[in-house]
Each structure stands twice: as C-alpha cells, then as structure tokens.
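Novice: Dropping a structure here in structure tokens format, bear with me for questions.
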Amino acid sequence: MIKAVMVMNTQGKPRLAKFFDFLPVEKQQELMRRVFGVLCSRPENVSNFIEAESIFGPDSRLVYNHFATLYFVVVFDSSENELAMLDLIQLLVQQTLERCFKNVCELDIVFNYSKIHTILDEIILGGQVLETRSTEIMRAVEEISKLEAATNAISFIPKSASSWLSR
Amino acid sequence: MGSQGGFYQSKEFLDLVKSIGEARSKAEEDRIVLSEIETLKRRISEPDTPKRKMKEYIIRLVYVEMLGHDASFGYIHAVKMTHDDTLLVKRTGYLAVTLFLNEDHDLIILIVNTIQKDLKSDNYLVVCVALNAVCKLINEETIPAVLPQIVELLAHPKEAVRKKAIMALHRFYQKSPSSVSHLVSNFRKRLCDNDPGVMGATLCPLFDLITNDVNSYKDLVISFVSILKQVAERRLPKAYDYHQMPAPFIQIKLLKILALLGSGDKQASENMYTVVGDIFRKCDSSSNIGNAILYECICCVSSIYPNPKLLESAADAISRFLKSDSHNLKYMGIDALGRLIKISPEIAEQHQLAVIDCLEDPDDTLKRKTFELLYKMTKSTNVEVIVDRMIDYMISINDNHYKTEIASRCVELAEQFAPSNQWFIQTMNKVFEHAGDLVNIKVAHNLMRLIAEGFGEDDNTADSQLRSSAVESYLYILGEPKLPSVFLQVICWVLGEYGTADGKYSASYITGKLCDVAEAYSNDETVKAYAVTALMKIYAFEIAAGRMVDMLPECHSLMEEFLASHSTDLQQRAYELQAVIGLDAHAVESIMPSDASCEDIEVDKALSFLNGYIQESIEKGAQPYIPESERSGMLNISNFRNQDHHEASSHGLRFEAYELPKQTVQARIPPASLASTELVPVPEPVYPRESYQTTTVPSVSSDAASTELKLRLDGVQKKWGRQTHFPSTSTSNSTSQKTVNGITQVDGSNTANSRTRETYDSRKQVEISPEKQKLAASLFGGPSKTEKKSATGHKSSKPSSHMVKSHAPKSSMEVASEKTSPVQQPPDLLDFGEPTVKSTAPSLDPFKDLEGLLEPTTQVSSAVNHSSTAAVTKSPDIMGLYTETPAGAHHKDSDILSGLSNSPMTNMVGGTTTMQVAQTSKSPNLKDSLEKDALVRQMGVTPSSQNPNLFKDLLG
C-alpha cells in the first residue's frame, strides 16, 4: 500500500502532500521536513531508494525522483515494488503532468493545486495504484475540466442573478 | 499560466503563492500566511460569498494547511460545499474534506448523508467523487451506512466506477475485515470482469486476503496463472502497455500473489513454472519497469517451491542487476540476492566482489541493504569480518535509529557466532562504547549474565578466562573520558563480581577504580548504585577470605555522601555496605557468596516460616489475623484502594506511600493467623524490600537482592539448592497446619515442574538451534560450533532467563535421568557442588532400599530422592547459620528478610519432592504415609554432623 505522495522543492518547501492514512498537520509537516533532510543530504548519482523506517516506522520504503527544482516522493510498504513506484513517479510527471501543462514546472504545480490532486486521485485510490494508462488519466481529468469550465460559465449567471434578486 | 484546463484561480491566490515563494525566511513566510488566514477567516464567514469565490477560498485554505498552519476554522465550510449541487463546487468540497478531516472527525457525520445521496447520482463523475471520499472518510461505524450502495456499484456500467467501488470495499476490508467478510465472493467475481482495469484493481484486495489466508484461495492459482499468461502474451489492449511492457503493474501484482500461493506448495508451484519462465525470457531488461517485473519474478521464484531452471534464470537476472551501473538495480540485486541465498546459498560466492563494491559505495541506502545481506549470510567463519565492518559503519553514522539496529545486530551475531571469548568481549565493548546509550538495556543484562555464566562449554577455566579478560579490558576502558551509562553499569557489575576473583588485582585497586567511576559520573544515580554495590561485593569477598579490610579514604567520603543522599536507593545501599563491613567473615560469606549471581532465589509469598512465631504470639494471647476482606468497614476502602492502585499509573498525584505496605501485607501474610496488632510491624520490614527491588535499576537491585537473599544458600550444594530445606517440610507435614502447607506445596511443585519443563524446552531449542543458525547451517553447510552456546539459549528462553540458566543444570539432570536421553550435562555445573556429590553417593544406597518398599518407582522419583538426600546431607550448615544469629532475626529487618528468603525454599522444595513422588506413584494414602515415613527415616539415616539439634527440633 502507498502511504503518502509528496512533492517538495529543492529548498524543502512542500508543494503537495497526500497522505493516504490520516495524519495530523503537524505530523505531516514534521515528516516532510525529515524527508527533505534526508533527500538533500543524498549525493548525486545514487539510488532513488531510501530506507525510511526511521521516519515512517516499520515496513516503510521511500522512493524519490528529482525533476528540475522538485522532489517527487512516494512512501509505501513491502507490498509494492520499488522500481514500479519509481515508474509511477515517472508516469505522474512525464506522462501526465507533462501532457497537462507542457513543460511542467514548479509553478504549474503550485498554481494548479487542486488539479494535481484530481490527477493523483485518478492514479492512486485508497493507497492502491488504480490506473496507469496515461491516456485514461488524461481523459478523466479533461472530462472534469470540461465540466467545470461549463459549470463555471453557467454559475456566473445564476450567481449574478441571485445576487440581483437578493438586492 | 494557471488556468489551463479550467481550474480557475484568482490573481489574489497567484500573488499569495508568489509572495510565499519569494519569502526569504520562515518567519516572513509565516507572517504572510497568517495574514492570509486572517483574510480568509473574514471573507469565508461573510454571508453572501459567491460559490466561485468560496471554492477558491477553500483551495487557499488547503494550501495554507499544507504549509503547516491551522485551518480548522474553515472545515465546516468545506463540509457545506460537499452539499452543493454543482459538481465543480462539490468536487472542491470533497477534495478539501478528504485532506482536512480524518475518519473520526466530528464533522464526518454531516457528510455521510451527502455521500449516500451522491453514490446514487446519475452522473458517474459525482459517483466517482463520492467514492474517493468514501475511501478516505468512512470509518468502521459508518461502513454499514454506505455498504449496500457500494455493492450495487460493483455492477455499474462504467468501469471507472466499478474500479473505485472495489477499492472502496478493499478499504473497508482494511479498516474492519468483519464488516465485509460476507462480500469477499464479490472480489472473486470481479476478477472475471470484462475490463482489465477492474480486474487489475481486484488484485489489490485479493492480495491482502491471500496474505491473511492462503489456503482459501488455492483454487484461484489456475486463474491467476492464466491471467498472467494472457497479460504476458499481450492479449490486453494496447493502452495498457507501458514502456512497451504489457500492463506491468498487473503483472507485478499477479507475481506477488503467485509467490504467496506457491510458497511451500509444490503442486501449486508447478502450475506457475511455465509462465514465470516465459516472463523471465520475455522481459525487457533495458527499461526500468521491465526490471521491476524481473525483480518480482526473482521474488516469486525464491518464494515458491524451488525449480532448478527458474533458479538459474533468477541467478542470471541477479548478476545482471549487480553488474549494472544503476544504483537502483544494484539495490534490487542485493535485495534479490538476499532472498535467493536462502534457497541456493552457493550463488552468493560468485557475487562476492559485487557485494563488496556495494559495501564501499557512497550510497547509504545501498550500503545498508548490503549490510542486511551480510547479516543474513553470517556464519562462524566470517563473523569477525562482518561484525567488524558493521561496527565501523555504526561508528561512522549519525542516524540513531539505524545505529541502534546495527548495534543490536552486532550483538546478536557476536552472541551467536563468537569465535573466542576474547573477541566477544572486545566486540561488545566496542558496541557499548559507541552505541551504549542506544542499545537496549537487556543487551547489557545479557552480557552480564553471559560473563557470569560463561559459555557453558568445556571447563571452568574458560569461564574464568573470559571473566579475567573482561575485567582487564574494562579496567583499560575506564580510562576513556566519557562512557555510556549502560556500559558503566556493566563494568561496575563485572568489577564487583570478578574484579578480584583471579587475584591479579588487589581489592584496593579495584575499589579505587570504582570510587573514581562513582565520582566521575556523579549525576548518574544508576551508575553510582552499581558502583556502591560493587564496592560492597569486593569488601565482602575480602572479609570472607579472611583479609583485613581498610577502606580507602575516597571510599569513606563517598559513603558519607551516599549515606546522606537524596536517593533512598543509594542511601540504602550505603547503609547496607556499612552493615556488611561490620560483620564477621562467616556471616559475610553467606550474605555475599562469591560468583553466585546465577543462583536461584525462591520466594515464599505465604511467609509460612513465620508460622511458629505466630503460633507463639497467639498462645501468648495475641489476636489472630483477620484478612482484610473479612474486616467490617474496611471493605470499601480496600476496594477503593485497589482501584486507586490500578489507576495510579495514569494519575500524577497518588498516595502510593500508604498503599504499598497494605498490598504487601495482603500478598505475603497468610490468612491463617496473625494478630491484627502486628499488622504494622510486620509489613514495615517488608516494605523497604519491596521498594528496593522495584526502584530504579531492576538489575542492580535484583542482583543485590539475589546476593543478599541467597545468604543462607552458600553452604548448600548449589546444584540441588532447591531441595535444601527438606527437613522443615516434614515438620510442617507433621504439624496441624497440614492443609495450608499442602497448598503451598502444590504450588511449589507445580512451578518447579513447569519450570523444569520450560527450561528443558528451551534447551531443546538450543540444540535444534534458532532459526538463524539453522539457516546458516543449511545455507553454508559449515557446522556452526555455537549450537550449544548458552547465549543463544538465553535468547530463546524468554524473560526470566536470569533464573533459567541456574535451573538448566538441574532440569537437565532430572531430565537426563527421567528420559535417559543423551542430554549432556554442561560440565561446569558439576563443579558447583563437588564436595557434596561425594557425600551423596553413599547415602543413596540405603535410600534405594526404601524405594523397593515403595513399589515400582520411576526414575524420576529416584532422581528427586537422590537430590533430596544430597540436600539433607548439606542442609544443616545453613540451618546452623540461621540459628547462629537468632537475635538478629528479631531485631533487624534484613534478617527477617533473609529468613524470608530462606524458608520459602523450605516449602517449595519439600513440596517438590513429595509431590513428585506422589505424582509418579499415584498411590493411595497408605503409600503416601509410607513415603513420608520413609523420608523422615531417610533424614534420620543421614544425621548432620554439624547440628543435630536442629533436626531434633524439626522432627520432634
């Protein structure tokens, strides 16, 4: 089971955090700080795996990947495969975010906070990998986007109408 | 840039993000965020906020909370948003609540109804959103509220919904297996879903189910194999390909499931060989995901019933991993190697160089994985290299968690495979020196015990060599400036026990060192306590050896300091030291017998040795004791107190000081007869002992207690220590209090028996050797010479192993004679009581004659009787000691206690013998009485030369 997905930049600022088992905010912050502490001390050209038991408790592994200014981190237990998790990050970043934003960068993730969450919800549900076809993920996200765009357009009118009425 | 895809965000939010991004310090960031929170608080509670705005505020709140600030004021608004009709707003609401709330939050109850409604929606997107929320927010209690709808959704026309419904059910299973146990068949059904995505999702819950109960799913092996075959043959739609691999995540899950199902099941495994072999061949090892599948294949092969061909393919794949330049692949290779060497240990040989390369690698993760591998392949031939490496690495790292782990692994390996005592002590010293504060205190206790007991091999000289080398190395190490507390405790204890044992160092030298320790670590009371007790032992040994004791001046000043210490524990130790020094050699020797830390202490909680005293008091007109429960008016209070006592741990302020004596009175004083007026004086002496044993350092106090409590034991032949007080049993049998004693006897014998069995079991385990050794032996064929090492025996023999060892000899003897099994008696046991063994031999014969009277007695009884005679011959000295200080027994607490420690054995021992005999012969009363008679006569047969009077008393 996947325990958490985190995105943070190279200065250690959290950009996205999704914990699949609930943790209080303070705990999440602490975990992210500690993860960053380990990440930034890693030399170049080493493996993408970290023994995470000291941070996340027994039976936990951590896989990270570094893209430009961002670290993508996945924490999971022994029922997942490290290399596969590495590819999951790849899938998220290069096959999905890249398609969504074209040349995805840190700011895209910050500004499209809720969209990234939507994408993640499509890929991982309840800590299990649910969908790995990027076309399918894209389709689902597009569908929602279209719908939202539509409701957005509609919601302007009733909104203003109702505010007119209430005056 | 932000609004692609219609996820609208205002300029305000962009500005916020920007300004946070540009913040120079954490303080500045906090300031910005706090002002943002103020803004949001104000705006969000405005009555007529447009939904579009509201949605953005909520997103901003989520963002703020991710940065670590409290956004709880907005939770209720997020909940409200989930009620909205428009999908856009609803989605945001659900997203926010899944991030904000945990499943036990109070607000969840407000959402359950909405979720129920949304699960019925016609719009599948709404259903999907609701299912997302279900996975995160539904707890055990609310599962029934949505369960029927989830089950309905399993047949939804949209595969995305079916998939998520399965995930929701899986989540329920994780949270409360019983809630969905009747729905497990649905998972099997969905395995045949038309959509491969749904099938793939079903594998997740099935994996969990199979992990918990393999046997119920054996019938699915064929299905899984055929699915895997189809996937591997690219029968799935092209869309499932990822980096030219067909549905890799499904393959991985399936391989994991097959590994579980084929484990230890030849028949099931045989079905898998073909498909796994195919995958090995087809897998593209140039892509990351291809290697992920290969790795999973190796795991599967090493888990299922072994197949030589597959093992070969696996070994090939591993060597490719290890030769790769990628650290990731090396890591996987090392991990896979660790799995495969369990089945084919020889493959480790060919990768030696690669493994050593990984050990030198700058990558910490890889290094640790390699240490894990080494740990798995340690044997007696390579233990020195591996443990040295591990210790070097341990010293080099700062991560306490990992340091602790590696330290405990070093200790474990050293205990198991140590080639020599010298090496063992040195290794332990290094571990303690560098990770002393991190290792479990049990490790320290284990080390002390090991030094005290020796390795149980060869003869005593090896043990004493071990001790002297330990003493020597500790004296050297004491020169180091700062040592961990735990290590100092070990050092003090060993110096106290064995510092002067080999005569190499003078008492004044050792005591000087101990005083230095106590002074240098003056703020560590535990260490000081250890030091004082060690001093006491050294002086006691000196006195017992008949040498003059002159305390060093620094020792004097230390004692003065401790006598006035704030710590009652230290004070007590100091007073005890003073008292011991004032005694004569004979008494001291019995209080502090040398090298007796492994001896057993039996405690008679019924205090039956006081019976005579009580009888006397009653005859003089004292009131008999009324048990607390029978006292009118006291009942409620005592109940209250009992409750108090249970709760004591959770409350800060309790009047424990008043409670303790009460408790001990209840526990220790037999309800038979004790004047209520004596209630106070009796518990008084008991109390300090209680606290003494429980305070601060369990090991010190119990150790000190052991040496003290043992005081009457030393004259006894130690091997048969328990049987010592045989005579007094017969007295109690002959007195009117038969029933009471009978009960205690039964208890005593039961515990003794069960313990005997227990230790026998543990010994057996040692002989079979714990898992690790078995592994090592089967892997590398090399006979590990540690099989019989006591260290491993301890590990397998659970908590009270301190006692166990001292039992072991006895039990092994008894067992040996009982089963005539070839259990070899460790040689060092024999010299425990050599003199008495001789005296036993002649007295055995007359007893054999008695046995003849008793019908077919088994060997057990003979063994027991044998021991009892041994005890009898020797017991007089002890009793002599006891009677020698009769005055003290009435005045001094410690003496009463010594009696306490003394006579309990009486009963236990007596009980053991009689009960065992009774059990074996299962005779009617007549025979019982005959036996008793025989026993009494037996004692008459071997009258003590030292103190015949005592026997006269006992036997009437």
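Read the figures in this text as sums done on the coordinates, not as results from a lab. Computed from a predicted model, the values in this text were never measured in an experiment. When we count neighbours, we look across all protein chains shown, and the Cβ atoms used for this are built from the backbone with ideal geometry, even at glycine.
Novice: What is segment B:195-305's relative contact order, in percent, from Cα pairs under 8 angstrom and six or more apart in sequence?
Specialist: Numbers: 116 pairs, mean separation 32.7, N = 111.
It comes to 29 percent, rounded to a whole number.
Novice: Follow-up. Per residue of B:324-330, count partner chain C-beta atoms within 10 Å of its C-beta, then hand back the mean as an integer.
Specialist: On the way: counts 0, 1, 3, 5, 8, 2, 1.
Partner-chain Cβ atoms within 10 Å, mean over residues of B:324-330: 3.
Novice: With contacts defined as alpha carbon pairs under 8 Å and 6 or more residues apart, what's the relative contact order of segment B:136-214 in percent?
Specialist: 27 percent
Novice: Provide the gained length on full extension for the span B:Ile477 to B:Asn440, in nm with one decimal, where the gain is 0.36 nm per separating residue minus the Cα-Cα distance. Working shown, then result.
Specialist: Details: separation 37, 0.36 × 37 = 13.32 nm, distance 2.06 nm.
Answer, rounded to one decimal: 11.3 nm.
Novice: Turning to a different aspect of this structure: Take the alpha carbon gyration tensor of segment B:151-225, find the square roots of its eigenvalues, order them as a ≥ b ≥ c, and report rounded if a/c is under 1.5; if not, report prolate when a/b exceeds b/c, else oblate. Can you show the working numbers first?
Specialist: On the way: a/c = 2.03, a/b = 1.18, b/c = 1.73.
In terms of gyration-tensor shape, oblate.
Novice: Follow-up. What's the exposure ranking of B:Lys513, B:Lys189, going from fewest to most Cβ atoms within 10 Å?
Specialist: Details: B:Lys513 21, B:Lys189 13.
Fewest-to-most ranking of B:Lys513, B:Lys189: B:Lys189, B:Lys513.
Novice: If the chain between B:Lys309 and B:Ser567 were fully stretched, how many nm would it gain, using 0.36 nm times the residue separation less the Cα-Cα distance? It would help to have the intermediate numbers written out before the result.
Specialist: Numbers: separation 258, 0.36 × 258 = 92.88 nm, distance 6.92 nm.
Taking B:Lys309 through B:Ser567 to full extension adds about 86.0 nm, to one decimal.
Novice: To continue, here is another question. Just tell me how shielded A:43-55 is by partners: mean number of partner chain Cβ atoms within 10 Å of each residue's Cβ, no decimals. Mind showing how you got there, number by number?
Specialist: Values: counts 3, 1, 5, 9, 13, 6, 10, 4, 9, 1, 3, 7, 2.
Partner-chain Cβ atoms within 10 Å, mean over residues of A:43-55: 6.
Novice: So, one more: In whole Å, how far is the Cα centre of segment B:26-56 from that of segment B:545-563?
Specialist: Here the two parts' Cα centres lie 73 Å apart.
Novice: Counting other Cβ atoms within 10 Å of each Cβ, which trypsin sites (Lys or Arg not before Pro) in segment A:55-157 have at most 15 and sit in a DSSP loop? Don't skip to the end; give the middle numbers.
Specialist: Numbers: sites: A:Arg61, A:Arg99, A:Lys102, A:Lys115, A:Arg133, A:Arg139, A:Lys146; in loops: A:Lys102, A:Arg133.
Qualifying residues, ordered by number: A:Lys102.
Novice: Still on this model: Please compute the modelled spin-label separation between A:Cys40 and B:Asn113, points set 7 Å along Cα→Cβ, answer in nm with one decimal.
Specialist: In this crude spin-label approximation the distance works out to 4.8 nm.
Novice: Where the centroid of each part is defined by its Cα atoms, how far is segment B:402-437 from segment B:289-316 in Å?
Specialist: Answer, in whole Å: 35.
Novice: Can you put B:Thr86, B:Thr274, B:Thr378 in order, fewest other beta carbons within 10 Å first? Show your work: numbers first, answer last.
Specialist: Numbers: B:Thr86 20, B:Thr274 12, B:Thr378 25.
Lowest to highest Cβ neighbour count: B:Thr274, B:Thr86, B:Thr378.
Novice: Once fully extended, how much extra length lies between B:His243 and B:Asn523, figured as 0.36 nm per residue of separation less the alpha-carbon to alpha-carbon distance? All intermediate terms of the calculation are to be shown ahead of the outcome.
Specialist: Values: separation 280, 0.36 × 280 = 100.80 nm, distance 6.38 nm.
That works out to 94.4 nm of additional length.
Novice: Same structure, new question: Do you know the relative contact order of segment B:286-363, to the nearest whole percent, from alpha carbon pairs under 8 angstrom that are 6+ apart?
Specialist: On the way: 51 pairs, mean separation 22.1, N = 78.
Worked out over segment B:286-363, it gives 28 percent.
Novice: Report the Cα centroid-to-centroid distance between segment A:1-28 and segment B:196-242 in angstrom, as an integer.
Specialist: So the two Cα centres are separated by 31 Å.
Novice: Hey, rough spin-label estimate for B:Glu28 and B:Val603, points 7 angstrom out along Cα→Cβ, what's it come to in nanometres?
Specialist: It is 6.5 nm.
Novice: If you don't mind, there's one more thing I want to ask. What shape does segment B:49-194 have by the C-alpha gyration tensor, where a ≥ b ≥ c are the square roots of the eigenvalues, rounded means a/c under 1.5, and otherwise prolate means a/b greater than b/c and oblate the rest? List each step's numbers first, then the result.
Specialist: On the way: a/c = 2.38, a/b = 1.69, b/c = 1.40.
The shape class here is prolate.
Novice: When A:Thr69, B:Thr92 are ordered from fewest to most other Cβ atoms inside 10 Å of their Cβ, what list results? Could you put the intermediate results ahead of the total?
Specialist: On the way: A:Thr69 14, B:Thr92 28.
Least to most surrounded, the residues fall as A:Thr69, B:Thr92.
Novice: For segment B:32-48, just list the computed ³J(HN,Hα) in residue order, Karplus coefficients 6.51, -1.76 and 1.60, θ = phi - 60°, integers in Hz, with x standing in for Gly and Pro.
Specialist: Calculated HN-Hα couplings, in order: 4, 5, 5, 5, 5, 4, 4, 4, 4, 4, 5, 5, 5, 8, 5, x, 10 Hz.
Novice: Still on this structure: How many partner chain Cβ atoms sit within 10 Å of a residue's Cβ in peptide A:7-19, on average, as a whole number? Write out the running numbers ahead of the final one.
Specialist: Working: counts 0, 0, 1, 0, 1, 0, 7, 4, 3, 2, 5, 3, 3.
The per-residue average across the peptide is 2.
Novice: Could you work out [θ]222 nm for chain A from helices alone, using -39500 (n - 2.57) per DSSP H run of at least four and dividing by all its residues? Round to the nearest 500 deg cm²/dmol.
Specialist: Values: 7 runs with 83 residues, N = 167.
Theoretical 222 nm ellipticity from helices: -15500 deg cm²/dmol.
Novice: Right, something else. Check A:Arg15: other-chain or 5+ apart residues with amide H under 5 Å from its amide H, H built from backbone geometry?
Specialist: The list, which skips near neighbours in sequence, is A:Val7, A:Met8, A:Asn9.
Novice: So, one more: Taking Cα atoms, how many degrees apart are the long axis of helix A:25-40 and the longest axis of chain A, rounded to 10 and kept between 0 and 90?
Specialist: Compared with the principal axis, the helix lies near 50 degrees.
Novice: Right, something else. Return the distance in nm (one decimal) between the two label points of a simple spin-label model at B:Lys620 and B:Arg281, each offset 7 Å from Cα along Cα→Cβ.
Specialist: Those two pseudo-labels are separated by 9.8 nm.
Novice: May I pose another question? Take the Cα radius of gyration of segment B:318-368 and divide it by 2.2 N^0.38 Å, with N its residue count; two decimals is plenty. Don't skip to the answer; put the middle values down first.
Specialist: Values: Rg = 10.1 Å, N = 51, 2.2 N^0.38 = 9.8 Å.
Output field value: 1.03.
Novice: So what J values fall out for segment A:53-62 if you push phi through Karplus, 6.51 cos²θ - 1.76 cosθ + 1.60 with θ = phi - 60°, rounded to Hz, Gly and Pro as x?
Specialist: Computed from phi, the couplings for segment A:53-62 are 5, 6, 9, 9, x, x, 6, 9, 10, 9 Hz.
Novice: Another question about this same structure. Sort the following peptides by mean Cβ neighbour count (other Cβ atoms within 10 Å, averaged over residues), highest first: B:351-359, B:321-329, B:603-611. Please report the intermediate quantities before stating the final value.
Specialist: Values: B:351-359: 16.0, B:321-329: 17.9, B:603-611: 20.4.
Averaged packing, sorted descending, gives the order B:603-611, B:321-329, B:351-359.
Novice: Then there is this: Rounded, prolate or oblate: pick one for segment A:39-141, where a ≥ b ≥ c are the square roots of the eigenvalues of its C-alpha gyration tensor, a/c under 1.5 means rounded, and failing that, prolate if a/b is larger than b/c, else oblate.
Specialist: Oblate, since a/c reaches 1.5 and b/c is not below a/b.
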